[in-house]
Each structure stands twice: as structure tokens, then as C-alpha cells.
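A.B. asks: Below you will find the structure I want to go over with you.
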Amino acid sequence: TFRFRLKMSNKYVQKCIDCSYSYEHKFLITCPKCGGMIDICYNLTNAKVNDSTNPNIRYFDLLPIIKKENLLEVTSITTPLIHARKIGEQIDFDNLYLKNETIHPTKTTKDRMATIALSYFKELGIKEFVLTSTGNSAVSYVRGSSLDDFKMHIYVGKDFVRGLGIKESPSIRIHVVNGDFVETGKEAKRFAKENNLIFEGGAFNPARREGLKIAYLEAFDQMKKDPDYIFQAVSSGMGILGAYKGIKEFIQLN
């Protein structure tokens, strides 16, 4: 059995983006009422940017963690915003800035995602779950698993398993699927359902998106003026959704 629920908090509510139905603090990746995506909506009345160099503390009021002692920091690094003058000259942007996320422990912004997602799981009492990955997300999750007593089942397609670089252990199980990422996801969901486990959800996991938005909150703090354009690489859409949340909430706070 798992403890999925927390007492209702004044900090945030979980809400379906399609039908606006709100839920208690439990882990959901889709709305059981209409199937829409779940989003986290904060009470910004008393929210503020805290005075800290640790981004997880600085933006704590905008993260889906109620108790600070539940923070599991895969990363707590504030990454630099670099003025890319030479590149800017080539494309006629005088004030082009790049956010360097490669200085995180596993060298990707997925460390931010794992920080918040694992902290969220810890607070909800989720200790064992199933995830799919082509590499970076799993590596960040595995690094974070050492911070608490998690057990993970990692599903990976055979074309990506060589680059995974993760060793199995009693708490880390790797399942190789003879198929593409979509087929791997189907197998992971089937395994989770058959074994009464949580499927981590990928881009549909709201805590992942909340972790990724920290890079944008940082960037806006570091800029001398608001940007005219923002460029974001897109794969599953998780990054751009996180960016949108960060932008919207930063504007509302200021």
C-alpha cells in the first residue's frame, strides 16, 4: 500500500487544464474525470522570491513541495547566464544570452527535474515507481535515488541501452524493450499496472515540469530587462510547458 495523499495545503492545488477539476494532493498524470493533463496552480497571495543562492530555496514558494525537509537536491546550482556576443552578431541579436545548464552534476537540466520530482514523490510517500527514459532522465533519477530509499524500474529501448551507463542494483532494475520509445512506454505502463506500481509519467508528470521551470525563473532574475524572445528546444514538450509556467508565474509575482 502507498500513502498518496497529503492534507490539503494553502500552497497549491492540482487542477486539470481541460475541465478545471481540482484534486487533493496525490500523484496523478491525467485527470480521472476527463483524461486531461494535470497542472499545479499556486496560491500567489503570499508567495515571494526568497533570499537564497540555492534556487530550490529561492523559488520554494513556486514549487510543489510543502515541507522543506522533503527537498532532495540532485542539484542546487544556480547556472550562469552567458552573453553570447559573437553568436548574437551573426544573427543580428545584440543581447543574446544562453543559459548554461551543463554545469549540473549529470551535465543536463534534467537534474532540476529529478530534484523536484523525487522530492514530490518523497512527500507523497511514493517509494517505488516505473519510468521510461532514453538516458538523461534516468541518470538524474538514479543519482537522486541515493538521497532517499527509492526503488526504480527503468524501461529503455534496446537502441538506447548502451548509452544509459547505469548499473543494476537491488533498488535499480533495468528493463530493455525491443522497440521504440512509444513501445517502451506501453510496456512500462503495463508492468506498472500489473504490479500495482506508480508509472512516473514522463512529460505528464507535473513535478517534472515544475522542476524545469526553475531555469527560467533564474534567467529572469539574472537579466537586466525582460526578454523580447525566448528560444527553447522541444522534444516531448515538457521543457516548453515548464518555460511557460515559469514565465507566467514570474510575471504574476512582479
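A.B. asks: Suppose the chain between Val49 and Asp148 were pulled fully straight at 0.36 nm per residue; how much longer would it get relative to their current alpha carbon spacing?
C.D. replies: Here the answer is 32.9 nm.
A.B. asks: Net charge around Cys19, counting only other residues with Cβ within less than 15 Å of its Cβ (Lys, Arg = +1; Asp, Glu = -1)?
C.D. replies: On the way: positive: Lys15, Lys33; negative: Asp18, Asp39.
Surrounding charge for Cys19 is 0.
A.B. asks: Of the residues Asp149, Asp92, Asp39, which exhibits the maximal mean-square fluctuation in a Gaussian network model of the chain defined by a 10 Å Cα contact cut-off?
C.D. replies: Looking only at Asp149, Asp92, Asp39, the biggest GNM fluctuation is shown by Asp92.
A.B. asks: What do the square roots of 5 times the Cα gyration tensor eigenvalues come to for region 87-161, in whole Å, largest first, as semi-axes of the equivalent ellipsoid?
C.D. replies: 32, 16, 9
A.B. asks: Loop only by DSSP, 15 or fewer other Cβ within 10 Å of the Cβ. Give me the trypsin sites (Lys or Arg not before Pro) in region 56-100 that pass, ordered by residue number.
C.D. replies: Lys67
A.B. asks: I'd like to know how region 158-216 sits against the 2.2 N^0.38 Å rule of thumb: what's its Cα Rg over that expected value?
C.D. replies: Its radius of gyration relative to the 2.2 N^0.38 Å reference: 1.32.
A.B. asks: Please list, short to long, the whole-number percent of alpha-carbon pairs of the chain in consecutive 5 angstrom bins beginning at zero.
C.D. replies: Once binned at 5 Å, the Cα pair distances of the chain give 1, 6, 13, 17, 19, 17, 12, 8, 5, 2, 0, 0.
A.B. asks: Of all beta bridges DSSP finds with both residues in the chain, what is the antiparallel percent, to the nearest 5?
C.D. replies: 50
A.B. asks: Let me ask something else about it. Whats the longest run of the chain with zero GluC sites (Glu not before Pro) that are DSSP loop and have at most 16 other Cβ atoms within 10 Å? Before the final figure, lay out the partial values.
C.D. replies: Details: sites that count: Glu24, Glu168.
It runs 25-167.
A.B. asks: Taking the Cα centre of the chain as the origin and placing charges on Cβ (Lys, Arg +1; Asp, Glu -1), which of Ala207, His25, Leu96 is farthest toward the positive end of the dipole?
C.D. replies: The Cα lying farthest towards the positive end belongs to His25.
A.B. asks: If you don't mind, another one. What does DSSP give for region 100-248 in terms of the percent of beta bridges that are antiparallel, rounded to the nearest 5?
C.D. replies: Rounded to the nearest five, the antiparallel share is 5 percent.
A.B. asks: While we're here: Averaged across orientations, what area in nm² does the convex hull of the alpha carbons in region 90-226 project?
C.D. replies: 10.5
A.B. asks: Quick check: at a probe of 1.4 Å, how many percent of the accessible area of the chain sits on carbon and sulfur atoms?
C.D. replies: Summing carbon and sulfur atoms, their accessible area is 50 percent of the total for the chain.
A.B. asks: Over the residues of region 1-90, compute the C-alpha Rg and express it relative to 2.2 N^0.38 Å.
C.D. replies: Compared with the compact-globule rule of thumb, region 1-90 sits at 1.45.
A.B. asks: Placing +1 at every Lys and Arg Cβ and -1 at every Asp and Glu Cβ, with all other atoms neutral, what dipole size does region 10-168 have around its Cα centre, in debye to the nearest 20?
C.D. replies: 240
A.B. asks: Using the heavy atoms of the protein chains alone and a 1.4 angstrom probe, what is the accessible area of the chain per residue in square angstrom?
C.D. replies: With the other protein chains kept in place, the chain gives 53 Å² per residue.
A.B. asks: Please give me, ordered by residue number, the chymotrypsin sites (Phe, Trp or Tyr not before Pro) of region 212-243 that lie in loop per DSSP and have at most 14 other Cβ atoms within 10 Å.
C.D. replies: Tyr229, Phe231
A.B. asks: Something else now. Could you work out the local net charge near Ile65, counting Lys and Arg as +1, Asp and Glu as -1, over the other residues with Cβ closer than 12 Å to its Cβ?
C.D. replies: With Lys, Arg at +1 and Asp, Glu at -1, the net is -1.
The values are calculated or read from the model by the stated rules, or taken from the named source; none is laboratory data. Please read all numbers here as calculations on a predicted model, not as lab measurements. Ideal geometry is used to build each Cβ from the backbone, glycine not excepted, and the neighbour counts take in all protein chains shown. SASA here: full protein model, heavy atoms, side chains in, ligands and nucleic acids out. Shrake-Rupley method; radii C 1.70, N 1.55, O 1.52, S 1.80 Å.
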